[in-house]
Amino acid sequence: MVDDAITMDIMNGMKLIGFLSQKLQQEIQAKPEAYPFQEILYCNIGNPQSLVLALCDHPAILAKSETQALFSADSIEQARKILDQIPRRATGAYSHSQGIKGLRDTIAAAIEARDSFPADPNDIFMTDGASPAVHMMMQSLIKSEKDGILCPIPQYPLYSASIALHGGTLVPYYLDEATGWGLEVSELKKQLQEAKSNGITVRALVVINPGNPTRQVLAEENQKAIVEFCKEEGLVLLADEVYQENVYVPEKKFHSFKKVARSMGYGEKDIHLVSFQSVSKGYYGECGKRGGYMEVTGFGADVREHIYKLASVNLCSNITGQILASLVMSPPK
């Protein structure tokens, strides 16, 4: 009851702040000369990234004395660090096709801190959200309708759509609602064998964890069984982990598939793994900024070169999205 009361007080406080700020914005629009400022930056809705982005997009204000009062010291420090990593300190310029090296360094360090296993910035490909990364991998994996991708049902429709777009075949595996939408390896084996009997060569397994729309969080033992299955069958494991911050049940805990695979003793040469992350989900919700990345591990130099060529077609992902992707993994403290 006490926790509920505190939560209600916080929510009411946020509503009040939102109401007052909107009322103030309307007064400014009606009578601009009434206040010594003309714009309100909304910070009551969990948007610290906008502070850092503002400093990166208009670095001239970093030199102004008023900035120290308007922005947190951490945001200012982080903005300076990010700008130093960007060529010509300009967020409007193209970057390396794989993404700004300094930002990839930040993401790799954050992955390493999260998983307690090494991460290489050269494994990181920055993309305009997770969706282009998924399309790049489907384009790389699928040659014809004889190539299949194991995909969960129910699933986020990006996967069925991208498989169809690139001319492949969706090989469904069904999550069990009765067991909390669990993923049974026996179901994977059944669908794999059925696909093979129909002349389909299954190339990869898609796992969405935490799940969408099922909201399940896989147990670590379940993940180990999935990793073992992919290793035995020679499948690429496509791990959609964009909901990793959306875990609200105390007894549930997110573990990345890379962490699970490494804890099993499997290294780069043992399993092909691609992990997707995005700024669109979690508590960030910055979907319109189109920021994301994929971590590509376990592939040879020829495959990596192919993926890099695909990334180069669009020159680079947008710089604002790259900055946000780094902030999602290493936010202002």
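The values are calculated or read from the model by the stated rules, or taken from the named source; none is laboratory data. Quick caveat: nothing in here was measured; it's all calculated off a predicted structure. Cβ: placed from backbone, ideal geometry, glycine included. Neighbour counts: every protein chain shown. Areas reflect the complete protein model, heavy atoms only, side chains present, ligands, DNA and RNA absent. Shrake-Rupley method; radii C 1.70, N 1.55, O 1.52, S 1.80 Å.
Between the listed residues SER95, HIS272, ALA133, the Cα displaced farthest toward the positive end of the dipole of the chain, a dipole computed from Cβ unit charges relative to the Cα centre, is found at SER95. Where both bridge residues fall in the chain, DSSP classifies roughly 35% of the beta bridges as antiparallel. Take 308-315, 204-211 and order them by the average number of nearby Cβ atoms within 10 Å per residue, most first; the result is 204-211, 308-315. As a fraction of the 1.4 Å probe accessible area of the range 69-133, surface on carbon and sulfur atoms comes out at 54 percent. Restricted to Cα atoms, the range 128-177 shows a radius of gyration and a Dmax of 10.9, 33 angstrom. A simple charge model with +1 on the Cβ of Lys and Arg, -1 on the Cβ of Asp and Glu and nothing else charged puts the dipole of the range 176-291 at about 380 debye relative to its Cα centre.
Only DSSP H runs of four or more residues enter the estimate; each adds -39500 (n - 2.57), and after division by the residues of the chain the mean residue ellipticity at 222 nm equals -14000 deg cm²/dmol. In plain terms, the bigger the Kirkwood radius, the slower the diffusion; for the chain, with that radius from Cα pairs, at 20 °C and 1.002 mPa s, Stokes-Einstein puts D at 98 µm²/s. List, in the order given, every pair from LYS143/LYS231; LYS190/LYS224; LYS101/LYS253; LYS289/LYS309; LYS101/LYS259; LYS258/LYS281 whose Cα-Cα distance in the structure shown is over 27 Å. Listed pairs above 27 Å: LYS101/LYS253.
Eigen-decomposition of the gyration tensor built on the alpha-carbon atoms of the range 83-159 gives equivalent ellipsoid semi-axes of 30, 18, 11 angstrom, largest listed first. Share of carbon and sulfur in the accessible area of the range 159-251 stands at 48%, probe radius 1.4 Å. In whole percent, and with a 1.4 Å probe on the protein chains, what portion of the accessible area of the range 281-333 is carbon and sulfur? With neighbouring chains kept in place, the figure for the range 281-333 is 56 percent.
Per residue, the solvent-accessible area of the chain (1.4 Å probe, heavy atoms of protein chains only, all protein chains present) comes to 50 Å². For the chain, what relative contact order do you get, as a whole percent, if you take Cα pairs closer than 8 Å and at least 6 residues apart? Relative contact order here is 21 percent.
A Cβ-based charge dipole, computed about the Cα centre of the chain with Lys and Arg at +1 and Asp and Glu at -1, lands at about 700 debye.
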